[in-house]
1. Looking at the stretch 357-366, can you tell me whether even one residue there is farther than 29 Å from Gly169 by Cβ, at pLDDT below 75, out of contact with any strand residue (DSSP E or B) (no Cβ under 6 Å at 6 or more places or on another chain) and not aliphatic (A, V, I, L, M)?
2. So which residues in the stretch 250-266 are hydrophobic (A, V, I, L, M, F, W, C) and within 16 Å of the ligand (Cβ to nearest atom)?
3. Pairs please, first residue from the stretch 186-200 and touching a residue at least 40 places away in the same chain (Cβ under 8 Å), second anywhere and of a type in the set (Ser, Thr, Tyr) and in a helix (DSSP H, G or I), Cβ atoms under 7 Å, 6+ apart in sequence or on different chains.
4. Against the conditions (1) within 24 Å of Lys32 (Cα to Cα); (2) at pLDDT below 95; (3) within 16 Å of the ligand (Cβ to nearest atom), where does Val330 fall short? Just the number, please.
5. If the Cβ limit is 6 Å and pairs must be 6+ apart or interchain, which residue in the stretch 243-260 that is in a helix (DSSP H, G or I) pairs with which residue that is open to solvent by 30 Å² or more (accessible area, probe 1.4 Å) and within 16 Å of the ligand (Cβ to nearest atom)?
6. Can Ala225 be described as open to solvent by less than 30 Å² (accessible area, probe 1.4 Å), touching a residue at least 24 places away in the same chain (Cβ under 8 Å) and within 30 Å of Gly399 (Cβ to Cβ)?
7. With the condition kept exactly as written, say whether any residue in the stretch 65-85 is open to solvent by 10 Å² or more (accessible area, probe 1.4 Å) and within 19 Å of the chain's Cα centre (by Cα).
Amino acid sequence: MTASQDRGQFGSKIGFILSAAGSAVGLGNIWKFPGKAYFNGGGAFLVIYILLVALIGTTVMLAEFVIGRHTHKNAIAAVREINAKWSWVGGLGVLTGFIILCYYCQVGGWTIHYIIGYITESKTIYADPMNYFLTMLGANGFPLRGAIIFPLVFLFLTAFIISRGVAEGIEKMSKVLMPLLFVLLIGLMIRSCTLPGANEGLYYMTKMDFSVIGTNAILTALGQAFFSLSLGMGVMITYASYLSSDENLVSNTGIVCCLDTLVALFAGFMIIPAVFATGIDPGMGGGFAFATLAGVFSSIPGGTIFGLLFYFLLFFAAVTSSTSILEGLVAFLTEEKGWERKKTLVGVSVILYVIGIFYTLSQAFMNIKGIWVSRAGVEFPIFGDFLEYLTDRLLLPLGSFGVVLFVGWIWGTDKAVQEATSNGKYKFALAPVWSFLVKIVAPIAIGAILVAGMFMGMAIS
Ligand code: PFF
């Protein structure tokens, strides 16, 4: 039996939706989004974000879905089947996925570190949350747990789920974890919004002061939307390739984008009111969901259980996303190179694990020693920030740019709409609007973020 005959398939519509939403809902929603909303103007940022998801995010996602479902192939083979010259679009996605997964597994490992920390040493966390975070990264010696042990556990779990295949692994996991994630998130949000002093945070998150929205905030929102919706790296192409031809891609796109955005908003309304209620100064970057929030939990009633549940939430979100990235990589390597699935999994995992270790080590450097590497008068960010810049600012937008140009101008929107409607089986009243967005609006918007990413460098975040 050849690899392509051996392909998996989602067993049900809900399984696909929860798996695609599981890929989209991840560390991006809970670890990155609230911090970005906080530092870019609160309520006004939320409005900009929602508009961009509605206009550009849904457009790119449907474009990825149609490519994948039309061909039933991994990202590279899918694009190649339609036009061989454009297979770089899929190839770029696979490369981006690999880079993201290197650091994603490290941060995923940190969530496990905190879950165990809340169970076994919550007093140490409470004594000094920032020190606990920095120790995990290596402030007091080599970060054995933060860089080596827990990321390995996280990666092992991810690889184990993938080894079980699409329906038995990804779909089953998503059906259990995604509903749990929603319940946890809503419970935590209610807890946070009812804290004494939470009103100020609620006010901040609903304040419509558009004077604070500049180019940076818009580009940040767009970059965040790509990352959060898992666009630009072929994962949604790969997932849709496991979908049967009579599923409604248009409604699935709407549902997945809504779920992902809802989770980001809920996470914002879970985190920001709690930050305001406790008056803890929110630090930037990765420390936000770890050091800052651990500080928040330590100063509210019932904080230990609140904290424990929060890190479970973060872990569920992370693992349903990391599996999607690894699946994209493995699908490519097994189908294109003919490698055996389990061996491929082990090989890829080992390589990305080793590279990922340097992410945590470089975070330690930056957070603890404030070191920036300076060469020839130019400040180079260290490895961790550089990886995020490379993926969020350049590679993901470039991948999405390729997808919309490919669907809009090479394959053609007429054929894409045929696929989107399952050859006319489903109504798609907005097809002309979508075609216009794919051909014109999305390439311009994505082109802008790419150019800004190249010229403004890492100034935007
Ligand atoms: N969307 C995920 C998140 O928000 O954390 C991250 C991600 C997963 C990005 C899969 C890209 C991807 F292909």
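1. Looking for residues that are farther than 29 Å from Gly169 by Cβ, at pLDDT below 75, out of contact with any strand residue (DSSP E or B) (no Cβ under 6 Å at 6 or more places or on another chain) and not aliphatic (A, V, I, L, M), one finds at least one in the stretch 357-366, hence yes.
2. To start, the set of residues in the stretch 250-266 that are hydrophobic (A, V, I, L, M, F, W, C) comprises 250, 255-259, 262-266.
Selection gives Ile255, Val256, Cys257, Cys258, Leu259, Leu262, Val263, Ala264, Leu265, Phe266.
3. Sorted first by the residue in the stretch 186-200, then by its partner, the pairs are Ala198/Ser192.
4. (1)
5. Thr253/Thr58; Cys257/Thr58
6. Values: open to solvent by less than 30 Å² (accessible area, probe 1.4 Å): yes; touching a residue at least 24 places away in the same chain (Cβ under 8 Å): yes; within 30 Å of Gly399 (Cβ to Cβ): yes.
Considered against the rule, which asks whether it is open to solvent by less than 30 Å² (accessible area, probe 1.4 Å), touching a residue at least 24 places away in the same chain (Cβ under 8 Å) and within 30 Å of Gly399 (Cβ to Cβ), Ala225 comes out as yes.
7. Checked against the condition, which is being open to solvent by 10 Å² or more (accessible area, probe 1.4 Å) and within 19 Å of the chain's Cα centre (by Cα), the stretch 65-85 yields no hits at all.
Conditions tested, residue by residue: (1) at pLDDT 95 or above; (2) of a type outside the set (Asp, Glu); (3) assigned to a helix (DSSP H, G or I).
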site	(1), (2), (3)
Leu95	no, yes, yes
Phe98	no, yes, yes
Val107	no, yes, yes
Ile112	yes, yes, yes
Thr124	no, yes, yes
Met130	no, yes, yes
Ala139	no, yes, no
Phe142	no, yes, no
Phe150	yes, yes, yes
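The values are calculated or read from the model by the stated rules, or taken from the named source; none is laboratory data. These numbers were taken from a predicted model, which means no experiment stands behind them. Neighbour counts are summed over all protein chains in view; Cβ atoms, including those assigned to glycine, are modelled from backbone coordinates with ideal geometry. Accessible surface is based on the protein model in full, side chains and every heavy atom, while ligands, DNA and RNA are left aside. Shrake-Rupley method; radii C 1.70, N 1.55, O 1.52, S 1.80 Å.
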